[in-house]
Amino acid sequence: MANVRPYLYYDHVVTLCEREGCMRRIEGKYVIRDDGGNGEVWLHKWCPNHGTSKVIIATDAKYWRQGREVYIKPPEMPLKFNTKMQWGCPYDCGLCPDHMQHSCLTILEVTDACNLACPVCYADSGPHRTTHRDLATIERMLDAIVANEGEPDVVQISGGEPTIHPDFFAILDAARRRPIRHLMVNTNGIRIANEPGFAAKLAAYAPRFEIYLQFDSFERDALITLRGADLRQIRERAIANLNAVGLSTTLVVTVAKGVNDTEIGKIIEYAARQPCVRGVTLQPMQFAGRTEGMTAKTSRLTLTGVRQMILDQTALFCAADIIPVPCNPDALSMAYAIKTVEGTARSIAPLTRYIGPDVLLAGDRNTIVFESDANLKEQVFKLFATNLSPESQASCLSDLMCCLPQVQAPSGITYDNVFRVLIMAFMDAVNFDVRAMKKSCVHIVQPDGKIIPFESFNLFYRDDRRGLLALRRSEADVSFGRTTDAPAYPTIPIIATAAIKKMTTSDT
């Protein structure tokens, strides 16, 4: 009998070794294991220094493969690139000419300071940091975004906590003077909740303006674990004030296994009842920055795992509703719905309820029928994009309905009718994949004009992590014969013999 490996070999991967701060590019492979259901996807890695390791990538291989085989589209480029290709991904970020996606959403961090000391914070912000970027620097950063995108789709003002910047409203004014299609503010909501008139002042920037409100849990213990404070009343008052002024809001949830992952359905259903809320963004923890009390081994969630939790915890969506986002399907999954209001009652109907599985999907293979209809395909791919404002979403939804025969949809779809749930699963060093890195469409602008993918920025380009980046670049120069100088930093001794022995005795 043939000696068969206990998995299906799916693809080769260029990944990173996260052990002992290694962060070198290494080889890996995706394998699919039979779990009696849709299968599991695992990443098996091998580092010459640290041996083998593996991490689960998807709890639903059938869904995961759609993002690689069905939901794909030609890459969209920025108007310009900001760095040259010299050391290879992810060491060339800025964007380099080999990056495969323009900025669907560009983050502008205006401050390192924050009025919370969250145990979980990818930016390592808090009251201990007091640096605000000056307005002139911020204006140059806005100009860099415009130079790359022409008319940027979405710019998110972030931090730290951006609302405590002394020039906060001047920053919003500066953004409004530029051809930015949609502006967001990423906030913990404390000023919105506590300061009379603050929400109304924000609402003056609408339309094409949205609040990206931190909203992790209804439970005290979960909030203490993630945010270091009981923010339940803050969230309640913030939502009430945003509802009162009718300011478009997305609730953003950092999801950690065993902390708040049982509340996903409750949060979505709560959001659907709020007049101001246009959707929920669910972000499984990225293990970068400050992650106190959390480990990748015990707290990690996958995109497909969060997707299944939506299905298990709420009846608002079914499996056919939540599909990969074509610009970066490894990291993004979305469900679109139409929110309708009759009197005081609000209801949510997913897009597939209007289109129907016979139009959008083909039986149990979940294959896209609209591949044969170029116009319909274009409208669906356009709708399922991360770079659309709620106004644009409403327009695209109306356009899509026009492409479909005999669709029973409500007339007059507007800004207030759009509701979406987005899963954004940002990679870290453990589950890193160069292929997905090149398709990253959420980027962070820098004062020097570079625009760096969110995932690689938090791993290599933020604060003191640039020292490790310099080391890896030096090693690349030596390996490519550009220099014979040893790296300026100590290297980890090679233990390849032991690693190879381990490799040959394992099933990886």
Over all distinct Cα pairs, what is the inverse of the mean 1/r for segment 1-85, reported as the Kirkwood hydrodynamic radius in Å? 15.3
Can you pull a Stokes-Einstein diffusion coefficient for segment 65-210 at 4 °C (1.567 mPa s), Rh from Kirkwood over Cα pairs, as a whole number of µm²/s? 76
Any residue on another chain or 5+ positions along whose placed amide H is under 5 Å from the amide H of F209 is listed here as L183
Tell me, what is a quarter of the convex hull surface for the C-alpha atoms of segment 297-340, in nm² with one decimal? 4.1
Considering the Cα trace of segment 95-137, what is its radius of gyration and what is Dmax, both in angstroms? 14.3, 39
Per q in 0.13 Å⁻¹, report the Debye log10 I(q)/I(0) for segment 175-313, using one uniform scatterer on each alpha carbon and no solvent. -0.59
Hey, what's the Kirkwood Rh for segment 98-173 if you take every pair of different alpha carbons, in angstrom? 13.3
Take the cross-link list K62/K266; K45/K450; K73/K438 and give me the ones stretching past 20 Å between alpha-carbons. K62/K266; K45/K450
Segment 158-286, dipole about Cα centre (Lys/Arg Cβ +1, Asp/Glu Cβ -1), debye to the nearest 20: 460
Let me know the charge dipole size of segment 1-144 about its Cα centre in debye, to the nearest 20, where only the beta-carbon of Lys, Arg (+1) and Asp, Glu (-1) is charged. 420
Any chance you could list the semi-axes, whole Å, largest first, of the equivalent ellipsoid that the Cα gyration tensor gives for segment 232-273, using √(5λ)? 22, 11, 9
Convex hull volume per residue in cubic angstrom - Cα atoms of segment 36-106: 145
Segment 96-210 - share of DSSP beta bridges that are antiparallel (%, nearest 5): 10
Rg to Rh ratio, segment 127-205, alpha-carbon atoms and Kirkwood radius? 0.97
Over all viewing directions the Cα convex hull of segment 241-333 casts an average projected area in nm² of 7.3
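Bear in mind that the values in this text are calculations on the coordinates, not laboratory data. Remember, it's a predicted structure, so these values are computed and weren't measured experimentally. A quick note on method: Cβ atoms are made from the backbone with ideal geometry, for glycine too, and the neighbour counts reach across all protein chains shown.
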